[in-house]
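Contents: one structure, followed by commentary.
The values are calculated or read from the model by the stated rules, or taken from the named source; none is laboratory data. Remember, predicted model here, so these are calculated numbers, not experimental data. Accessible surface is based on the protein model in full, side chains and every heavy atom, while ligands, DNA and RNA are left aside. Shrake-Rupley method; radii C 1.70, N 1.55, O 1.52, S 1.80 Å.
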Amino acid sequence: MTSLDDHVLAVAIGAKGFMPDDEGRALHEAGLAGGSIGPLLEIGSYCGKSAVYLGAAARAAGTVLFSVDHHHGSEENQAGWEHHDPEVVDPRTGRMDTLPFLRRTLHDAGLEDVVVAIVGTSTTVARYWTTPLGLLFIDGGHALDVAMADYAAWAPLVAVGGQLAIHDVFEDPADGGQAPFLVWQRACHEGFEPETSTGSLRTLRRK
Ligand code: SAH
Ligand code: MG
C-alpha cells in the first residue's frame, strides 16, 4: 500500500483516538475507492486519527477530505464517561476542545493541504451542503437521535457509486451501543450495498 507511508502511519497510530490500525487501513481503502468519484467527508474529527487515514487516501486520489466536528466532544467523551481524556479539556472554559489536537495531527502528517477542517455541528453544515460526496464517514455522536440525524442529513449527498463508512457498528449489544448498527441497517434498506466489515468498521456502496 503505497499511499499510506510509514511516517503517515506512525502519526495515525500515535494520535489520540478510537480507531485500531486495521480499521484505519480499511477506511483508507474505502477513501481510495470513493475518492475517484468525489471528495471525502467525515463527521467526527476528534484529534485527527481517522482524518490521517482518509486524508492520505484523498491525496492519492487527487481530492480532499472535509472533516466536520464542533470539537466539544460527544456525550460519551465528556468527564465521567468511558471515553473521556482530561488532556483535551480547555482549562480556560472547562470544556473539551480537540481542534488544537486535530491541527497538530494534520501538521505532523503533512496533510494540511488536503484535509479541510470544518468547525461546526454536523446537521448545520449539512443544511448548506450540496457537493456530491465520494465517501461519507459517520463517526460523530453515538446517541441514537444524533447518529440517525447525521445519516438522514448526509446520506442523500453520497454520489451514486460512492462509499458510506460507519464506525462502531456492534451487532451484539454486549459489545457496544446499537445506534451505529441501526444506522447501518437503515442504510442497507435505503440504497446502500454492504461491502466490507473490519472490526467495528463497515463500508457500503451507494447503488
Ligand atoms: N473519527 C475520530 C473519532 C471521532 S469521536 C477518530 O478517528 O479518532 C466523535 C467526535 O464527534 C467528537 O470529536 C465530537 O466532538 C464529534 N461530534 C459529536 N456530535 C457532533 C455533531 N452533532 N456535530 C459535529 N461533531 C460532533
Ligand atoms: Mg468511532
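Here are the numbers for the structure shown:
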quantity: Per residue accessible area of the chain, 1.4 Å probe, in Å²; calculated: 45
quantity: Per-residue HN-Hα couplings for the stretch 79-96 [Karplus 6.51, -1.76, 1.60; θ = phi - 60°; Hz; x = Gly/Pro]; calculated: 3, x, 9, 4, 9, 7, 10, x, 5, 9, 8, 7, x, 5, 9, x, 9, 5
quantity: MRE, 222 nm, helices only [DSSP H, n ≥ 4, -39500 (n - 2.57), over the chain, to nearest 500]; calculated: -11000 deg cm²/dmol
quantity: Whole-number D in µm² s⁻¹ for the stretch 147-187, Kirkwood Cα-pair radius fed into Stokes-Einstein, 20 °C, 1.002 mPa s; calculated: 196
quantity: Pairs of alpha carbons in the chain whose separation is greater than 30 Å (percent); calculated: 13
quantity: Surface accessible to a 1.4 Å probe, VAL116 within the full protein complex, Å²; calculated: 60
quantity: Net lengthening on full extension, GLU190/VAL119 (0.36 nm per residue, minus Cα-Cα); calculated: 22.7 nm
quantity: The stretch 1-57, Rg to Rh (Cα coordinates; Rh as Kirkwood inverse mean 1/r); calculated: 0.93
quantity: Principal axis dimensions, largest first and in whole angstrom, of the stretch 59-150 by Cα; calculated: 41, 34, 21
quantity: Nonlocal amide H pairs with GLY17, under 5 Å, H built at 1.01 Å; calculated: none
quantity: Value of relative contact order over the stretch 68-204, rounded to a whole percent, pairs C-alpha under 8 Å and six or more apart; calculated: 19
quantity: Candidates LEU157, LEU27, LEU136: whichever shows maximal mean-square fluctuation once the chain is modelled as a Gaussian network with Cα springs under 10 Å; calculated: LEU157
quantity: Percent accessible area from carbon and sulfur atoms, the stretch 33-150, protein chains only, probe 1.4 Å; calculated: 54
quantity: Amide H contacts of PHE66 (H built 1.01 Å from N, under 5 Å, at least 5 apart or other chain); calculated: LEU40, LEU41, GLU42, VAL116
quantity: Estimated vicinal HN-Hα couplings, Hz - the stretch 31-47 in sequence order (Karplus 6.51, -1.76, 1.60; Gly, Pro = x); calculated: x, 5, 5, x, x, 7, 9, x, x, 9, 9, 10, 9, x, 7, 6, 9
quantity: Antiparallel DSSP beta bridges within the stretch 37-146, percent to nearest 5; calculated: 5
quantity: P(r), alpha carbons of the stretch 93-207 - 5 Å bins starting at zero, rounded %; calculated: 2, 11, 18, 20, 20, 17, 9, 3, 0, 0
quantity: Semi-axes of the equivalent ellipsoid for the stretch 1-120, Cα gyration tensor, largest first, Å; calculated: 25, 14, 12
quantity: Antiparallel bridge percentage (DSSP; both residues within the chain; nearest 5); calculated: 40
